[in-house]
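Each reported figure results from applying straightforward, stated rules to the coordinates on display, with no laboratory input. For clarity, every value in this text was computed on a predicted model and none was experimentally measured. Cβ placement follows ideal geometry from the backbone for every residue including glycine, while neighbour counts extend to all protein chains displayed.
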Amino acid sequence: MDRCIREHDWAATPLGPVEGWPERLRAAVEMMLIDPRPTSLAVAPARTFLFNDAAARIYGSRAPDLLGLALPQAFPSYSEVADLYDRAFAGEPGEIRAKPLAVTDAGGEVFDATLLPVGDGMGGVLAVLVTAVEVGARLRAEADLRESEARRRLLGAAWETDANRVVTADSPSWRAYTGQSLDEWLGYGWLDAVHPDDRAYAERQWRDAVAANRIVDAEFRLRAPDGGWRWTNVRAAPVLDAEGKIEKWAGMNIDIEAHYRLLFESMDQGYALGEVIFDEKGRAVDVTFLVANPAVARILEFDIAGRRMIEFADLEPSWYEHWGRVARTGQPERREDYAAAIGRWLEFYLFKPDPDERSSNRVAVLIEDVTERRQAEERLRKSEARLRNVLRIQTVGVMFWSGSFSLMEVNDAFLRMTGFTREEALGKTWEELTPPEFHDASHKAVEEVATRGECTPYEKQYVRKDGSRWWGLFAARRIDDEVVEFVLDVTERREAEAALRESEERFRQFGDASADVLWIRDCKTLALEYVSPAFEQVYGHRIEEVRGGNHIRRWAELILPEDREKALDNLRRVREGEQVSQSFRILRADGQVRWMRDTSFPLLDEQGRVQRIAGIGHDATEEVELHDRLRVLVAELQHRSRNLVTVVRGVTDRTLATSETLDDFRTRIRERLAALGRVNALLSRLEEGHRITFDQLLQAELTAHGVVDEAGEGPQATLRGLKGIRLRSATVQTFALAIHELTTNALKYGALSRPEGHLEVTWSLEPGEGGERRLHVDWRETGVSVVHPDGATVEGTVDGMPGPCRKGYGRELIERALPYQLRAQTNYALTAEGVRCTIIVPVSSTLDLAFSRHGEDDA
């Protein structure tokens, strides 16, 4: 049955799964299973039926169907004993004596049974343990015996005595019954037929009956005709005279030896009668066992009849004192001892068969094997100890609810959680302890307990004594008419979870809003655990593409091959605990190459070990490009500044050398510096990679002096040539000074100094050596007879005399500086119509180089 009970579907019964059974119920089931007698359990609240192997043998083929049923369903005859079960569940033990109950297919069984309540440890009854004995066969045997005895009564003894119990008349039936002769029978001879141990008892029964004038009804042993002894029942009634005095006694003896022998041999308990032996100091030193029933030999595993105790038991002196006290005082005593020889616990009940016979040293003992009970009690004790330890646990609150869900008992842990005293807590309902918003969850739990016997663990808030709230994890189970509930204080966990959710939400918002790529990987597997949405914008790929398959390989494939190995090496350094900043290039899905600046760092656990690695990836493409531009621009600025300083120094020196007065120097140097300023203004407005073209330079100078308008047209000037011929940056300032000198001389002395004068400037490209392109500029002035400060006129004089023939700054610049500084070819001539100047200078190539190449040979 042990296996059947373990495999039975208890979840479908009111008891629920075996794992949830109370410890007391488990202990009761174990005690039932090991009991050799037919034993069963009826478990509250439905009185669910369980039984052991001995009971199953009685139930026969019905046994498999009876397990787990309620008693009223299992046995139609249950109503006949229902009141006994009701009293037992109320805490009152009960007995069933010779009760016919139909429990098998055939029916007709008769049982003796005891009903013992099994407590739940809290004053209630968990179950009723029933131990039964089928006594039908014994009752039938006793009925046969009674019939036999009735027949033998005809052969019993009938006799009379006088009022003083003296035999005066013969009784052949007595002499045949006892084997006494007539002489032995007459007078008080009948006492000699009584067993010596029973004579005092028999005589006392007579004296008491005479004194009370009542019937004698006693049982004792009488001599049998064969010399042995047999039990007899003696009954004698007084015969009264007319005055109501006892005239004589009429009596009879009935042989009850067979009845006593049957009871003696069929007892479940061991019975033995012993003679206590005392020494000269009155101390009990041994016991001689006169008789012992078969149960003694079965329990002790050997027969003790006719043996002395000292022969087979090494007992403590207290054992003999125990027997001696009962023999001297006549007061029964009970004790339990462990019999090591047979490995069993035994209960001994010692009593004196005739406690009033002080001279007798005979003591009887009833012996019962209580090993199973002791083991069950030990299991129960340990179970109760475990329960007490559970109730003393500091971290788990325990509540015992009544059927109406008011608190009956709580442990100290619950009181600490709520702040109530025990007196304040007891009697409160869950509604008083639960905030209104959690009542629905509590109602659901109560319904589950009512229907399933337990509830699914759930979380809710409770109210403390001071009105504050705390979070608890609750789980309840029904036990009979009560409910036990356990609670864990999970306030810290709930607050931590809320803080974590808030932190995660902040992190999510931060990650969603960040233009940089935030990422987190598992240190061991390198699997991506998190990557922010910016990844798709920066990398140009969907996040799913790098989170599928081998995460690290998918990511590495986006890095340009020449940067990939270094990026992976840096990732290994981070896994080893370093913080690394690195730059690498990626190839987007749209073909763009982007620069990434990634800062990677380890995330450590509580032991300081690298658990995860994380990083911030920044798209630094624009910054890298800006940095390159700045580097080029700085180099260009330095180059131009050096050139400008050189030009200014040269202009200043030549202007000073050709100026006759300080005012003359001031005027000239300002004009020439203004020309340099204009060309530098052009340079500063250029975008990266652009150059000044010749037409821009020429128009800027002529427009500044009002010779032409913004469209390059004027009444005294004609400009003709290709647009967009780019000049080398290194040549612009010197070239601009040459154009400036030609323009100012034309305005002061040449074609532009008079209305009839005209200026024509033409330019074109021509090939040079080695495929070099060259700008050919032709400057022609006409319509004015020019007198130059740096040379004499062709026709005129100065103050009537031929003027000195010398060269001015502009002409020196054209004829000497341009060839030297710009590798130019120049020709400057004064004609009758005016100045004619030709300048041929190398210019930038068609495929111009980027600013990053400025300062190299082509510059």
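Starting from the 7 Å offset along Cα-to-Cβ, what nm value, one decimal, do you get for the label separation of M267 and D241?
4.7 nm
Can you tell me the FRET efficiency between I552 and V593 if r is taken as the Cβ-Cβ distance and R0 is 30 Å, rounded to the nearest 0.05?
Efficiency for this residue pair is about 0.90.
Suppose we keep just the DSSP beta bridges with both residues in the chain; what percent of those would be antiparallel, to 5?
95 percent
Using just the helices of the chain, give the 222 nm mean residue ellipticity in deg cm²/dmol: DSSP H runs with n ≥ 4 each add -39,500 (n - 2.57), and the total is spread over all residues, rounded to 500.
After summing the helix terms and dividing by the residues of the chain, the value is -11500 deg cm²/dmol.
With a sphere of radius 9 Å drawn around the Cβ of S442, what net charge do the other residues whose Cβ falls strictly inside it have (Lys, Arg +1; Asp, Glu -1)?
Counting the neighbours of S442, the net charge comes to 0.
With unit charges on the beta carbon (Lys/Arg positive, Asp/Glu negative), name the residue among L587, Y539, G617 whose Cα is farthest towards the positive pole of the charge dipole of region 514-619.
L587
Need the C-alpha centroid separation for region 1-52 versus region 749-771, integer Å.
Region 1-52 and region 749-771 have Cα centres separated by 124 Å.
With +1 on the Cβ of every Lys and Arg and -1 on the Cβ of every Asp and Glu, and nothing else charged, how large is the dipole of the chain about its Cα centre, in debye rounded to the nearest 20?
Dipole magnitude for the chain comes out near 2720 debye.
At 0.36 nm per residue, and after removing the present C-alpha to C-alpha distance, how many nm does the segment from A657 to N680 gain when stretched out fully?
5.8 nm
For M122 and F302, what is the calculated FRET efficiency with R₀ set at 45 Å and r taken between the beta-carbons, to the nearest 0.05?
0.50
Can you compute 3J(HN,Hα) from phi for each residue in region 378-394, using the Karplus curve 6.51 cos²θ - 1.76 cosθ + 1.60 with θ = phi - 60°, rounded to whole Hz and x for Gly and Pro?
5, 5, 5, 4, 5, 5, 5, 5, 4, 4, 4, 5, 4, 5, 8, 4, 7
If neighbour count is taken as other Cβ atoms inside 10 Å, put C837, C4, C523 in order from fewest to most.
C4, C523, C837
Using the alpha-carbon centroid of each, what span in Å lies between region 403-426 and region 465-510?
Comparing the Cα centres of region 403-426 and region 465-510, I get a distance of 19 Å.
If I stretch the segment between F601 and T114 completely, what's the gain in nm (0.36 nm per residue apart, minus their alpha carbon distance), one decimal?
Full-extension gain reported as 167.6 nm.
5 Å is the cut-off here: which amide hydrogens, built 1.01 Å from N in the peptide plane, fall below it relative to R773, excluding neighbours closer than 5 in sequence?
Those lying under 5 Å, H to H, from R773 are G768, V843.
Taking amide H positions as placed 1.01 Å from N in the peptide plane, with prolines and chain starts having none, which residues 5 or more places from F220, or on another chain, fall under 5 Å of its amide H?
Distant-sequence amide H within range of F220: T232, V234.
Quick one: which residues, 5 or more positions from W229 or on another chain, have an amide H under 5 Å from its amide H? H modelled 1.01 Å from N in the peptide plane, none for Pro or chain starts.
A224
Can you list the HN-Hα couplings for region 204-211, worked out from phi with the Karplus curve (6.51, -1.76, 1.60; θ = phi - 60°), rounded to whole Hz and with x for Gly and Pro?
Whole-Hz 3J(HN,Hα) from phi for region 204-211: 5, 4, 5, 4, 5, 5, 5, 5.
According to a simple spin-label model (label point 7 Å from Cα along Cα-to-Cβ), what is the distance in nm between S581 and E448?
5.5 nm
Looking at the calculated P(r) for region 424-537, what percent of the C-alpha pair distances fall above 18 Å?
Beyond 18 Å sits 66 percent of the P(r) for region 424-537.
Length gain on complete extension for the stretch E492 to S77, per 0.36 nm per residue less the alpha carbon to alpha carbon distance?
Here the segment from E492 to S77 would lengthen by 143.6 nm.
What number comes out for the charge environment of R386, summing +1 per Lys or Arg and -1 per Asp or Glu over other residues with Cβ under 14 Å away?
Summing Lys and Arg as +1 and Asp and Glu as -1 gives +4.
Given R₀ = 25 Å, FRET efficiency for A832-E713 by Cβ-Cβ distance, to 0.05?
0.35
Using θ = phi - 60° and the Karplus relation 6.51 cos²θ - 1.76 cosθ + 1.60, list the HN-Hα couplings for region 578-586 in order, rounded to whole Hz, with x at every Gly or Pro.
After applying 6.51 cos²θ - 1.76 cosθ + 1.60, I find 8, 9, 10, 10, 8, 10, 8, 9, 10 Hz.
For the chain, what is the Kirkwood estimate of the hydrodynamic radius, computed as the reciprocal of the mean inverse distance between distinct Cα atoms, to one decimal in Å?
42.4 Å
Could you work out how far the C-alpha centroid of region 305-322 sits from that of region 267-298, in angstrom?
8 Å
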